[in-house]
Amino acid sequence: MEKNFFYNKLKEVLTESEVKRNEPMSLHTTFKIGGKADYFVKPKTMEHLVYAIKCCKENDIPYYIIGNGSNLLVSDKGYRGAIIQIYKNFNQVEINGCRVRAQAGILLSRLARLIMEAGLEGFEFASGIPGTLGGAVFMNAGAYGGEMKDVVEAITVITHQGDLIELPKEALELDYRSSILQKEDYVAVSIDLIFKEGCKKIIKSRIAELDDLRRLKQPIEKPSAGSAFKRPEGHYASKLIMEAGLKGYSIGGAQVSEKHCGFIVNKGDATAKDVIMLMEHIKNTVKEKFGVELEEEIKLLGEE
Ligand SMILES: Cc1cc2nc3c(=O)[nH]c(=O)nc-3n(C[C@H](O)[C@H](O)[C@H](O)COP(=O)(O)OP(=O)(O)OC[C@H]3O[C@@H](n4cnc5c(N)ncnc54)[C@H](O)[C@@H]3O)c2cc1C
């Protein structure tokens, strides 16, 4: 009864295609794992996004923002609340000299191409990360010596009260795989970035080189959520896992990648429980053998 009330409240403003019920999260995560979310909301406009958030707050419905779900493990039991997906509908980009303002839902690969086309350098590192710009700021995503911290100038967020405010770089607390967004209940909607002028041909070949390297070193052909663990101080998680003898080790359908031990891959029928049990096993084995505590990089959502 109460659930219908919330659904109807959403539908007072959002259209049929913007709200689904009982949506399998395996369809919206790169791991291809996850049970059903009670509500799956995909707002088409900023007004609808703000409305959806306010509606959740006013009706005490928990909500969780996702981008492309490429750093996410959702429980087999799904999520009791509303998943609000930013990916796809929020993808506008304005380029002004060396400055770029982009909406949070754009994929990094597409944005990297546009930035390259504009002859700007400094975003090549992000072109192969399969997430959205919002998710990348949340995680301070990085690769091959670059990270979001190097290029972000400011972000615009929706606050707890549903207001839009701009946060300058100094307020973002961008650090290794962490940002203010992980502490505050903010939703990133637009990001200001800065680059240097460069040579389009060189930028293009750098992107191709990094893409090749990724294809060679990472199991990108299998479902995963990227590196399962953060890099521990003074070590590499993948090296520790390999040296612990866990290369290829499986629990159920979850496996330590044979190509890159930092990745856990879904062999096809993995459950979230398989992945969590495998992560626990890896953590315990690495701790026992090397005395190093591994910390998850992947975000876990829902009860398990
Ligand atoms: C094959 C593969 C390779 C990868 N390689 C890398 C790599 O080289 N470097 C790296 O850093 N990561 C890598 N990742 C992990 C992942 O792609 C990044 O963390 C990415 O930035 C996540 O973006 P997303 O849009 O998919 O976020 P999601 O997975 O959807 O969400 C991740 C977190 O961000 C939050 N979030 C998402 N969007 C917003 C928003 N607009 N406002 C507020 N919070 C938000 C979510 O609530 C969640 O907690 C890889 C993943 C895969 C599958």
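For the chain, a Gaussian network of Cα nodes joined below 10 Å ranks G69, G35, G131 by mean-square fluctuation, and the top entry is G35. Among the listed pairs K57/K299; K217/K289; K9/K54; K20/K267; K20/K44; K36/K230, which are separated by more than 19 Å between their Cα atoms? The pairs that break the limit, which is 19 Å between Cα atoms, are K57/K299; K217/K289; K20/K267; K36/K230. Close amide-amide hydrogen proximity is noted between G81 and D38, Y39, each under 5 Å apart and 5 or more residues distant or on a separate chain (H modeled in the peptide plane; Pro and chain starts excluded).
Where is the GNM fluctuation largest for the chain (alpha-carbon springs, 10 angstrom cutoff): S250, S70, S190? Taking springs between Cα atoms under 10 Å, the residue moving most is S250.
Does the chain come out rounded, prolate or oblate, given a ≥ b ≥ c as the square roots of the eigenvalues of its C-alpha gyration tensor, rounded meaning a/c under 1.5 and, failing that, prolate meaning a/b above b/c? Oblate, because a/c is 1.5 or more while a/b does not exceed b/c. Remark: D60, D175 ranked as D60, D175, counting other beta-carbon atoms within 10 Å and listing the fewest first.
Once you sort the root eigenvalues of the Cα gyration tensor of the range 18-93 as a ≥ b ≥ c, which label holds: rounded (a/c under 1.5), prolate (a/b larger than b/c) or oblate (the other case)? It is oblate, given that a/c is not under 1.5 and a/b is not larger than b/c. Highest GNM mean-square fluctuation among Q85, Q182, Q103, for the chain modelled with Cα contacts below 10 Å: Q182. Here the gap between N284 and R110, fully extended at 0.36 nm per residue and compared with their Cα-Cα distance, gives a gain of 58.8 nm.
Computed from the coordinates by the stated procedures, all read-outs in this text should not be read as laboratory data. Computed from a predicted structure; not experimentally measured. Every residue, glycine as well, gets a Cβ built from its backbone with ideal geometry; the counts of neighbours run over all protein chains shown.
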